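Inspection log for the structure reproduced underneath, given as structure tokens.
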There are 2 protein chains.
Amino acid sequence: MIVASEEAARELLEVVPVIMKDIRSEMRTRRSPDLTVPQFRTLAFVDRNEGASLSAVANHMGLTLPSTSKLVDGLIARGMLTREDNVADRRRVKLGVTNHGLVILETSRRGTLNYLADKIASLSADDREVVVKAMNAMRSVFISSIQTQAPGK
Amino acid sequence: MIVASEEAARELLEVVPVIMKDIRSEMRTRRSPDLTVPQFRTLAFVDRNEGASLSAVANHMGLTLPSTSKLVDGLIARGMLTREDNVADRRRVKLGVTNHGLVILETSRRGTLNYLADKIASLSADDREVVVKAMNAMRSVFISSIQTQAPGK
DNA sequence: TATTGTTATACTCTATAACTATA
DNA sequence: TATAGTTATAGAGTATAACAATA
């Protein structure tokens with residue numbers, strides 16, 4: 001089977017929004033209504049990059065600084081993130097996940113993973129393998145390799 | 001390679017939001033800033049199902065009726081959709097795409113497809129095939145087979 | 001009474017413009 | 001002057017609650 005880029009692009013444009021809609025609905029309304037997708041991704045990023053700056057989060061999320069600032073505001077207001085001054089460069093902030101934030105993050109992740117795994121269980125082992133391979137290929141195309149600044153500087 | 005549902009679910013939860021973010025950004029800011037993703041999907045659905053009711057659109061999109069009503073309002077205000085009474089059942093409406101809507105839809109689709117195809121072109125032929133197969137598997141899992149009501153009744 | 005749709009209200013997501021503080 | 005971040009403002013996406021019209 002010869003697959004043109006155009007054909008793969010059509011498939012992505014048709015199917016990806018539907019998967020995304022499903023993930024978003026699951027996060028919003030079912031087992032784990034605590035986090036929206038951007039909130040979940042922000043929390044997960046700060047968890048993996050303790051002390052990250054706002055710019056680092058904005059870069060990872062592909063959002064502007066004002067959008068990211070507001071997103072972070074909400075998570076701080078709900079006690080899931082902390083924001084401190086960075087003494088080495090006082091223009092910057094250092095973000096951190098609270099214990100409460102960690103609990104919410106893990107609960108949300110578990111609920112969503114269970115939901116997705118349950119759906120995927122209906123596929124053949126071959127199809128599951130194809131999905132994993134496709135996601136790895138997509139990762140190389142869509143996830144930029146830009147890394148977080150080291151928290152210190 | 002044996003792939004557990006859990007592993008495939010983790011991959012989906014990590015990668016799909018990033019692809020979606022990219023598609024959304026492309027639609028919003030680059031070649032085709034005319035339609036958001038939900039607007040695009042609504043227009044495409046009504047194009048394929050001329051005379052569809054609001055409920056049919058809501059069902060397809062996985063949205064509530066009020067949300068769908070507002071979404072459609074916006075497209076009507078911008079001259080891309082029409083809304084008429086359904087004489088056979090006056091509670092219902094019949095939606096249609098205008099010529100202007102068709103032009104915008106096609107322009108947006110072409111721009112986004114070109115953008116995606118360009119990115120995908122960096123993959124090997126094997127990887128492109130894997131992507132298409134994965135999307136077909138996902139379609140069976142995530143796209144419900146519920147069909148539109150016939151426009152007449 | 002059930003179905004189809006709209007209006008009112010509210011919150012999140014996201015952007016641009018204008019600003020402050022620090023380097 | 002350039003960088004990091006916030007505040008103000010605004011539009012889109014989405015939901016629930018309350019309602020009107022029709023079946």
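Only the coordinates and a few stated rules stand behind these numbers; no lab work does. These numbers were taken from a predicted model, which means no experiment stands behind them. When we count neighbours, we look across all protein chains shown, and the Cβ atoms used for this are built from the backbone with ideal geometry, even at glycine.
Before moving on, here are some points about what is shown:
- Cα-based shape type of the stretch A:5-122, given that a ≥ b ≥ c are square roots of the gyration tensor eigenvalues and the cut on a/c is 1.5: oblate
- Only helical runs count toward this figure. For chain B, summing -39,500 (n - 2.57) over DSSP H runs of n ≥ 4 and dividing by all residues gives -21500 deg cm²/dmol at 222 nm.
- Separation between Cα centres of the stretch A:34-65 and the stretch B:1-49, rounded to whole Å: 20
- Contact order normalised by residue count of chain B, Cα under 8 Å, 6+ apart, percent: 26
- Between B:Asn136 and B:Asp85, the distance separating the two model label sites (each 7 Å from Cα on the Cα→Cβ line) works out to 4.8 nm.
- Compared with the dominant Cα axis of chain B, that is its longest principal axis, helix B:99-120 is turned about 0°.
- Helix A:5-29 vs. chain A, principal-axis angle (Cα, 0 to 90°, nearest 10): 60
- For the stretch A:5-122, size of Cβ-based charge dipole, Lys and Arg +1, Asp and Glu -1, in debye: 380
- Computed FRET value (nearest 0.05) for A:Thr64 with B:Thr98, which takes r as the C-beta separation and R₀ as 35 Å: 0.60
- In this Cβ point-charge picture (+1 for Lys and Arg, -1 for Asp and Glu), the protein assembly as shown has a dipole of about 960 debye about its Cα centre.
- A dipole drawn for chain A from +1 and -1 charges on Cβ atoms has a positive end, and of A:Ala44, A:Val93, A:Leu123 the residue lying farthest that way is A:Val93.
- Distance in nm between pseudo-label sites at B:Glu6 and A:Ala77 (7 Å out along the Cβ direction from Cα): 3.7
- Convex hull volume of the Cα atoms of the protein assembly as shown, normalised per residue: 154 Å³.
- The C-alpha atoms of chain B define a longest principal axis, and helix B:125-142 lies at about 50 degrees to it.
- Top of B:Ile120, B:Ile143, B:Ile23 by mean-square fluctuation, Gaussian network on chain B, Cα under 10 Å: B:Ile143
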